[in-house]
Structures are given as C-alpha cells and as structure tokens.
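Beneath this line is the structure, given in structure tokens, with notes to follow.
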Amino acid sequence: MITGLRVRMGVLFVAFFLLISISVVATSWTLETEKQGALIINLTGRQRMLLQAMTRYALEIEKHPDEPAHQQALTEAVGLFETTLEALENGGPAPYSPGRMVVLSPAGGPEVRAQLARVRQGWTSLRAEVETVLASPAGTPTFARAISAIEEQSLALVGAIDGVMQALERAGVAWIGRLRLIQMAFLASAIALLLLGYVTTYGTVIRPLQTLQQVARGIGSGDLAKPVPRLGMDEVGQVGQSLETMRQQLHIARENLEAQVAQRTRELEALHEVSREISSHLELQHVLHSVTDKARELLAGDVAFLCLLEDGGQTLSLQAASGPREAVSGTQVPSEQSPASQVLAADRALPCQVDGCLKACSIITAPFRVSHLAAPLRVGDRVIGALCVGNSKAGAFSNEAGSLLTKLANSAAIALENARLYAQAERVATLEERQRIATEMHDGLAQALVYLGLKTEQVAELVQARNSQAAIDGLQRIRAAIDQAAHEVRRSIASLQQGPQPRQALQDRVAKLVGEFDTDGVPQVDLVVRLQSALLLPTDDTEQVLRVIREALLNVRHHAQAKHVAVRLEQQGAEALVSVEDDGHGFNPTTPPVDGGSHFGLSIMRARAARIGGQLTVDSAPGQGTRVILRWPVNLSPLPH
C-alpha cells in the first residue's frame, strides 16, 4: 500500500506524463499519416491529368508531325506517370512539383493495392501504344491504330485511377473512424486520471489541510486545550503530529509567558514613567538627581550613582548620588582603570556580584556594592559616563535588571545630552544677542555720535570765527541728528521687544528702508528693482542685507556730502545683488580716515556679508563718489512658510 503523499502524487504525475506523451506521439503519427494520404490523393489526381495530357499530346503529334515539342512533352509525361505510379505502388521518391520531390509510403490496404494493380495493367498496355506512336511515322496505319488505341485505353485507365481515388477515400473514412475511437480512449483515460487525482488530492491533502486549518485557527485564537486529531502516516499526518507537539509546547509556554509579560509590563510602565519624568526637564542638575533617584527606586537598590567623563575622557567624576551619605567613598575614578574601562566599553549593563568586579563602581563603599550593576551612558556611538546601582545583599538583582538599567541609562543619556545642548544653546543665543545689540548700536547710535562729534567741532570753529548764521545752521543739523539718533535707539529697543514679524519680500523691505532715508530729500535716494518675482529670504538673511544697506546709507548721509544716491536690487542667475552708489566726494578704502578713526563700519558690513555666504565690494576714490556692492547666493526654490 502506498502511504507516502509524494509517492501518490508522483504516480499520478507519471501517469499524466505518459498519457500526454502517448497522445503527442499518436498525434504526430496521425498528422504524418494524413499528410501521406493527402500526397497520395494529390498524386493520383495528377496521374489522371497526365493520362489526359498524353492523349492530347498524341493527337497533336498526329496533326503536327513535324513539331518535336509534342513528342518531347509526351515522353516527359510518360516518364512522370511511370515514376509516380512506381512510388504509389512500392513507396519512395516521386516528383511533386518542379524542383521538388516527395517521399511516399507504399499505399496501404488491399483494396487500394488491387486498384493500383488494375492501373498498372492498363498502363502497361497504354504505354506500348504510346511507344508505337513515338516510334512510327505519322500517317501510317500502325500510327493511326496506336492513336485510336490510346484514346480508347486512356478512358479505361482513367476509370481505374478513379477507382484508386475512391478506394483511398474509403480508407481515409475508415482511418478517421479509428482515430476517433483512439481519441475517445485518450479522453476517457484523461478523465479517469483527473477523477483519480481529485479523489487522491481531496482525501490525502485537501481534507486533512482543512482539518489542520481549523486547528490552526483555534490555536491562533488562543484555544490550546483541543488536541490535533491523527491524520494518517503520510506527510500531512506528520505535519499534524508536529502541530500537536507545537500546541503542547505553546500551552506550556503561554502559562510561563503570561507571568513574564505581567512582570515585564510592570517594569516597562515604571521605566516609561521614569523616562518621561527625566526628559521633561532641561535643567542639568535636576536631570542628574532625577536619574539617580529613579534608578534606585526602579531597581530597588540601596544606592545609585551617576558619573560623567571629564578631563578629555580620562576621569569619571561623580555628578549625582541617591542613597545614604556613608555610601560615598570618593568623587573620581580613572576611566582607563579596569574594570571601569570595561563598563564604558560595554553596550549594556554589567552585573557584578561579591566575587567579581567590585571596583567597577569603586565610588560606592564596599558594604553597598555587594551586588551592583553598572551601565554606560551612550549617545549614539559616544560614551558620556556611567550609571551604577548598588545593594548590600548578595544576588539582589535579577537577570532582567541589567536590561532594565541599560534602557534607563540610554534614556538618561539622551535627557542629559538634551539638557547640555539646551544650556549650550542658551549660551550661544546670549552671545548672538550681545553681538546683535553691539551691531545695532554701531549701525545707529555710534554712527550718530561720530557725526555729532564732527558737527560739534565744526560749530565750535564757526562760533570762534563769529559766523553766527553758519553756527545756527550747524546746530540745527546737530538737532536733526540727535532726533535721528533717538529714533534709531527707539527702533532698536522696539526690535528687541517685538516678536517674530511676518515674512515680506526683500524688495518691499528695501523700499520701506529707502523711504525712511528719503524723508527729507537730502540726499535724494532712488530705488531701482530688477526682479521678475518676489525675492523671499530667510529672516536672518533679510536682516543682514537690510543692515548692510542702512549702514551704507548712513555713511552717505554722515560723510559723503552727496546730492544723489541710487540703490539697486537685482538677481543675476543664482546670485542676488544690492548696490548703493552716491555722487559724494568719495574716499580711499585702503587708508584710515583723516580723523584718526577706522573703517569699523566696513568691517561689520563685510562680516554681515560673510554671514549669508556673500561678498562685499567697496569701489571708491577721492572726488569720484562711492559704490558699495553686496553679492550673495540665493535659493531659487520657494522657501517654506
């Protein structure tokens, strides 16, 4: 008895393969037989036409005895008829068309062969008469008798050939009947194999798999009490036995797992609360103390310590501790000293008992590190310190405690790094704000004070020269400068107090700035904008560009004595360009000012240009005006709102 599923299916597949192979061979043989039958019928029909052609050629020879073409045609027709008849009787090559030969099998069936024998007998007699026509002169009695015999015998021979064709047709009909019987036998065999395959597949595969599917669904839904029924000794039965073994193991494992999951859930909930609490604060000392308190509480330890690397990573320094004061035995330990180096190099917490690594957390006094865990504080690939938890009892920490401390250390490291970055960001923001206030004072108040100093000296000289009207005019300009300085101070104070402003196109901000400087008309300020669309820049970039333009305009007002100023804003490919050009008396940018000062304003302008990745160019000479050009790269894609 066949018990293996693979053997059963293999037998079915072999049977199907043999049936298909026999069917292919039978079909090929049938096609070849039909091809031979068609050739024989075509050649037999051509024999009939050749007899008619020979009769016609003989009559043409009688009418035109002097034309050798008819004799040659008659000779060729005789040879073609003889060769074809020989192939029909005995098989072999036969001419089928000009330049093409076909190979025939001997005509089958006694009836067909009997009819071919009649054709051979009639052809022997007719061929003798044809040879007489070819050998005798036209017009002789022998020639005339042969012509008459050809006409008479050709009709009888045509009848014999028709008999061959009828016999071939009857044989073909009989062959088709036998072929249909063979095809029906193949069809019946195929249907039987299909039914057998279905019964075998359903009984040995589908029905057992349906049973296994129901059992698997029950296991998937949590029903582990129902055993898997026996399904036989084949492969599917073996799968059922394996599923039953798995069910038993799952039933046992689930009971153990439920207890472990409950314990792990409690630990993870506590870890989540701890992580949320230490991550909700950005003050470094608060985070340090919170980490140690929560670590000691979460792992039920007597003491917890947190150390950070200092001195270029050479020393572990105590930063926070939670527990009795007598648990502290020191404040530093060399980071390269073993086993502290092992803790820092590890990727998880290291458990340490009485008989090993007691010095891993040597900051903890011996009574409190009978059992302790030490975990590195990692931020990415960088180690920033270590977190230790100790207990005065041996074996106080479970196997899962190390994983729990590792997760807590990872969360603590991120919280500490966030607090450190926040403190650093506050320091950087303070420095940037100081720098911004300094530049604000230089752009506005410092420039105004320099201008007021120069004008005060001029007024003093005018008073000494008793030029009262010019001194009064100078005082009025000083008064206007004081008002302008007060305005700049108020504007700076307002900018420090105001919140973020809606972003505007650069050309709109430049137009507003130019309008503020052009209120009194001296000097006249013209704005030329050559932009195809609104130029939107980041807020800081916009402020830097505007302050460069304001500084340049203030220099024109206070120093250039110009009558006309042109401000141009355009875009050249991936760069934007702003130029401020006046017709004042100009200066030499490479030499210090005559009043003993310095070109501090130009330095600040160049620093602002560098801040946005641009370049500042100053083109000036005494008596030829001044042109300040700022170029910087711009992002051609739209900025996010």
Condition check: exposed (fewer than 13 other Cβ atoms within 10 Å of the Cβ) and basic (Lys, Arg). Does ARG118 satisfy that? no
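Taking the stretch 508-540, which residues are under 28 Å from HIS585 (Cα atoms), open to solvent by 70 Å² or more (accessible area, probe 1.4 Å), not hydrophobic (A, V, I, L, M, F, W, C) and not in a strand (DSSP E or B)? Lay out the reasoning, then the answer.
Within the stretch 508-540, the subset under 28 Å from HIS585 (Cα atoms) is 510-530.
Filter again for open to solvent by 70 Å² or more (accessible area, probe 1.4 Å), leaving 512, 516, 519-520, 522, 524, 530.
Among the residues that remain, those that are also not hydrophobic (A, V, I, L, M, F, W, C) are: 512, 516, 519-520, 524, 530.
Passing the criteria: LYS512, GLU516, THR519, ASP520.
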Residue set ALA340, ALA327, ALA295; condition under 22 Å from SER392 (Cα atoms), crowded, with 19+ Cβ neighbours inside 10 Å and modelled with pLDDT under 75; output residue ALA340
Scanning for something open to solvent by 10 Å² or more (accessible area, probe 1.4 Å), at pLDDT below 90 and in a helix (DSSP H, G or I), does the stretch 566-588 turn up at least one residue? no
Please indicate, with yes or no, whether at least one residue in the stretch 397-420 is crowded, with 17+ Cβ neighbours inside 10 Å and assigned to a loop (DSSP other than H, G, I, E, B). yes
Do we have any residue at all in the stretch 166-185 that's of a type in the set (Asp, Glu) and either in contact with a Lys or Arg (Cβ under 6 Å, 6 or more places away or on another chain) or at pLDDT below 75 (or both)? no
Which numbered condition GLU82 fails, given (1) closer than 26 Å to TYR57 by Cα; (2) surrounded by fewer than 16 Cβ atoms within 10 Å (Cβ to Cβ); (3) free of Cβ contacts under 8 Å to residues at least 40 places away in the same chain: (3)
Which residues, counting only those in the stretch 21-56, are modelled with pLDDT of 80 or more and open to solvent by 30 Å² or more (accessible area, probe 1.4 Å)? SER21, ILE22, ILE41, ASN42, ARG46, ARG48, MET49, GLN52, ARG56
Please go through (1) open to solvent by less than 60 Å² (accessible area, probe 1.4 Å); (2) at negative phi for GLY109 and return the number of the only condition it doesn't satisfy. (2)
Can you tell me which residues in the stretch 226-244 are open to solvent by 80 Å² or more (accessible area, probe 1.4 Å), assigned to a loop (DSSP other than H, G, I, E, B) and either within 26 Å of LEU257 (Cα to Cα) or of a type in the set (A, V, I, L, M) (or both)? LYS226, MET233
In the stretch 541-555, residues that are open to solvent by 10 Å² or more (accessible area, probe 1.4 Å) and touching a Gly at 6+ places or on another chain (Cβ under 8 Å) total 1
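The values are calculated or read from the model by the stated rules, or taken from the named source; none is laboratory data. Remember, it's a predicted structure, so these values are computed and weren't measured experimentally. As a convention, Cβ positions derive from the backbone with ideal geometry for all residues, glycine included, and neighbour counts pool all protein chains shown. Protein only, heavy atoms only, side chains kept; ligands, DNA and RNA dropped before computing areas. Shrake-Rupley method; radii C 1.70, N 1.55, O 1.52, S 1.80 Å.
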